[in-house]
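Novice: Would you mind keeping the following structure in view while I ask a few things?
The values are calculated or read from the model by the stated rules, or taken from the named source; none is laboratory data. Here the structure is a predicted model, which means the values were calculated and not measured. Cβ coordinates were reconstructed from backbone atoms using ideal geometry, including for glycine residues, and neighbour counts include every protein chain displayed.
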Amino acid sequence: MMQKLSENVLDKFSMDFLRNQVLKNAYGNDDTVIAVRDPRILLVWYLFFGLVPWFVNDLPFLLGCFLLVMVTTILAKVAGLVLLLFAVGVFSQTGYLLIATWIFGGDASAIAPLLVLTLKVATISLASVTVFSGLDPDRLSNGLMWFGCPERLSFSISYAYRMLPMLMEEFQNVLLSYRLRGNPPAHETVPGKIKYLIYQIKIIIHAFYPLMLNTAKRSRTTVEALEIKGYRYAAVNKEVRKMKLSSLKVTYDDLIFLAISFLWVAVTVLVSTLV
């Protein structure tokens, strides 16, 4: 029974599963409530919820912000793998300290500061997950460009998104080539499973250099194609910039989204003041 369960877990976390989760998170959320918002509105929203919690230590305010970004994360339909990484990251940074303090008899004076720190990290992380899961590379690039971000920098961010599937495909190909040429140890017993895990880790380490080399070759082809199409001229041409940003439009729904968000923040500030 345990062997079948472990095999099912390993099947779930295959390279195809990871690649599908990354693609879904970057390109598969274009029909959600968050994804249809104007990228400029989302970036302004993110600047507030990504910076303000760091400078506030009020527990009711942080709890209210956390509940709001948790709702927006649900609306953004974030991939399960990203949520798992978020949970592991928060727990590894502050969550385990909070649990350890509570288990070993810490009083409210010790738990409250840890809870504040945990809420800060969780709120900012969920705000980042919401925004960058709801924006595809092109809309994110356009939003940054509208705010005056250098075109090459905004394009680099967009291009990094597009490189993710390529990186994962190359990584899978390199791993398969190592496995075809390798001789993995038997993993029927517990010591064999440990040896097999070490073997897999060694393969991943050895795959790093050919992965970077193959990706660099593909990147050079992409850069050459961009140069042929006049990318550098388009990057500094005002007419091209105007045409590219003409698709951005703030709607009433965008303003309602902002109004609801900051109305909720005002309510949490009021509750915090009363408490």
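Novice: Return the pairs, sorted by first residue and then second, in which the second residue is part of a loop (DSSP other than H, G, I, E, B), the first residue lies in segment 130-156 and is acidic (D, E), the beta carbons are less than 7 Å apart, and the residues are 6+ apart or on different chains.
Specialist: D136/D30
Novice: State whether the residues of segment 175-197 include one that is in contact (Cβ under 8 Å) with a residue 40 or more places away in the chain and touching a helix residue (DSSP H, G or I) at 6+ places or on another chain (Cβ under 9 Å). Write out each step before concluding.
Specialist: Looking only at segment 175-197, we keep the residues that are in contact (Cβ under 8 Å) with a residue 40 or more places away in the chain, and these are 175.
Going one step further and asking which of them are touching a helix residue (DSSP H, G or I) at 6+ places or on another chain (Cβ under 9 Å), we end up with 175.
Yes: segment 175-197 contains one or more residues that are in contact (Cβ under 8 Å) with a residue 40 or more places away in the chain and touching a helix residue (DSSP H, G or I) at 6+ places or on another chain (Cβ under 9 Å).
Novice: Which residue pairs have Cβ atoms under 8 Å apart, sit 6 or more places apart or on different chains, and have a first residue in segment 251-275 that is closer than 16 Å to G64 by Cβ and a second that is of a type in the set (D, E)?
Specialist: What qualifies is S272/D58.
Novice: Of all residues in segment 40-64, how many are touching a Lys or Arg at 6+ places or on another chain (Cβ under 9 Å) and surrounded by fewer than 22 Cβ atoms within 10 Å (Cβ to Cβ)?
Specialist: Within segment 40-64, residues that are touching a Lys or Arg at 6+ places or on another chain (Cβ under 9 Å) and surrounded by fewer than 22 Cβ atoms within 10 Å (Cβ to Cβ) number 3.
Novice: Can you list the helices (runs of 4 or more DSSP H) found entirely within segment 1-84 that contain at least 3 residues being at pLDDT below 75 and within 19 Å of the chain's Cα centre (by Cα)?
Specialist: 15-27
Novice: Counting only residues that are of a type in the set (A, V, I, L, M, F, W, C) and farther than 30 Å from L144 by Cβ, how many does segment 159-194 have? Working first, answer last.
Specialist: Step one: of segment 159-194, the residues of a type in the set (A, V, I, L, M, F, W, C) are 160, 163-164, 166-168, 171, 174-176, 180, 186, 190, 194.
Of the ones still in play, those that are also farther than 30 Å from L144 by Cβ are 174-176, 180, 186, 190, 194.
Residues flagged as of a type in the set (A, V, I, L, M, F, W, C) and farther than 30 Å from L144 by Cβ within segment 159-194 amount to 7.
Novice: Return a yes/no flag: does segment 31-45 have any residue that is of a type in the set (V, I, T), under 17 Å from F147 (Cβ atoms), in the same structural domain as L255 (by TED's automatic domain parsing) and touching a residue at least 60 places away in the same chain (Cβ under 8 Å).
Specialist: As a first pass, look at segment 31-45 and keep what is of a type in the set (V, I, T): 32-34, 36, 41, 44.
Filter once more, so that each one left must be under 17 Å from F147 (Cβ atoms): 41, 44.
From what is left, the residues that are in the same structural domain as L255 (by TED's automatic domain parsing) are 41, 44.
Retained after the next criterion (residues that are touching a residue at least 60 places away in the same chain (Cβ under 8 Å)): 41, 44.
Yes, because at least one residue in segment 31-45 is of a type in the set (V, I, T), under 17 Å from F147 (Cβ atoms), in the same structural domain as L255 (by TED's automatic domain parsing) and touching a residue at least 60 places away in the same chain (Cβ under 8 Å).
Novice: Within segment 234-275, can you find the residues that are polar (S, T, N, Q) and loosely packed, with under 15 Cβ neighbours inside 10 Å?
Specialist: Initial filter on segment 234-275 (polar (S, T, N, Q)): 237, 246-247, 251, 261, 268, 272-273.
Scanning segment 234-275 gives N237, S246, S247, T251, T273.
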